[in-house]
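Written below as structure tokens is the structure these notes are about.
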Amino acid sequence: MVLGFLDYSKLPQEGIIAAFLAFGMILLIAAFVVYIYTTIALMFIAKKTKTKNGWLAWIPIANIYLITQMAGISGWWTLIVLALIVPFIGGLAMLIAIIWMFWRIAEKIDFPGWTSLLLIIPIINLVILGIWAWAKR
């Protein structure tokens, strides 16, 4: 039905599409901000642990290698972590391996290892990375 200049029959579909696009853009921007924050935090943690090549934090798979170097374990763990990206069991094993690596990193920068367990909690994980990166100890 057309009333005046507007065709109201198309309005709901266009509004839904616009809402999905806006929500998608917000998610994309939020993901980008979190990526930048975690990358900078990893670079500062690498500096604190005196790990070379902190710039590797900017490269998606290389940042896993950087984490292994900060933890003081073999770089081959990068492949092990990547191989664990399989359904449920692999994801759980990968979570355990990442927490173990960050446990070692936390101890290297004079924080209690158990604080790495807090990385499991969304939002808190960003706070913990920031504390590790910028706290004076």
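Here are some notes:
- The set of residues from region 24-63 being hydrophobic (A, V, I, L, M, F, W, C) and farther than 23 Å from residue 125 by Cβ comprises just one member, 25.
- Test: residue in region 75-96 that is without any contact (Cβ under 8 Å) to a residue 24 or more places away in the chain, within 17 Å of the chain's Cα centre (by Cα) and closer than 20 Å to residue 37 by Cβ: no
- Residue in region 95-105 that is surrounded by 11 or more Cβ atoms within 10 Å (Cβ to Cβ), touching a Gly at 6+ places or on another chain (Cβ under 7 Å) and under 19 Å from residue 50 (Cβ atoms) present: yes
- Identity of the residue in region 32-42, surrounded by 14 or more Cβ atoms within 10 Å (Cβ to Cβ) and in contact (Cβ under 8 Å) with a residue 40 or more places away in the chain, that ends up nearest to residue 66 (Cα to Cα): 42
Taken together, the values in this text are just the output of simple stated rules run on the coordinates, not laboratory data. Not measured: the values here are computed from a predicted model. We place every Cβ from the backbone using ideal geometry, glycine too, and count neighbours over all the protein chains shown.
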